[in-house]
Amino acid sequence: MVNRGFQSRAANHAACDMEKQTFVLRTENRVDALRRVAGIFSRNGCNIETVNARPEGNASVMEITVFLSGEKARELKKALNRLYDVISVDVKAK
């Protein structure tokens, strides 16, 4: 029997090897916000190359910058915007 979940992840990973992209997110500075953001990329089969998180302004908002390879920006942006602590998502292609 073939494990379809494994094939699906392999196909997703292959799709994320196309072009370099930068995601800049502003989130509420809450416990586990970075874990939830990273989980979106992981569930979509994308490898994060670099991530940077820092407080912004009065420290109630955090800016998360994620660098990765892939072409699934539209799907990822939609999924990230569904997270309740995400304020905004900006995607830049390199």
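Taken together, the values in this text are just the output of simple stated rules run on the coordinates, not laboratory data. Because the structure is predicted, anything quoted here is derived from the model rather than measured. Reconstructed Cβ throughout: ideal geometry from the backbone, glycine too, with neighbour counts over all protein chains shown.
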(message) What distance in nm lies between label points placed 7 Å from Cα along the C-beta direction at Ile48 and Val61?
(response) 2.0
(message) Show me, for the range 28-40, the HN-Hα J-couplings you get by feeding each phi into the Karplus relation (A = 6.51, B = -1.76, C = 1.60, θ = phi - 60°), rounded to Hz, glycine and proline as x.
(response) 5, 7, 10, 4, 6, 4, 5, 5, 5, 5, 4, x, 4
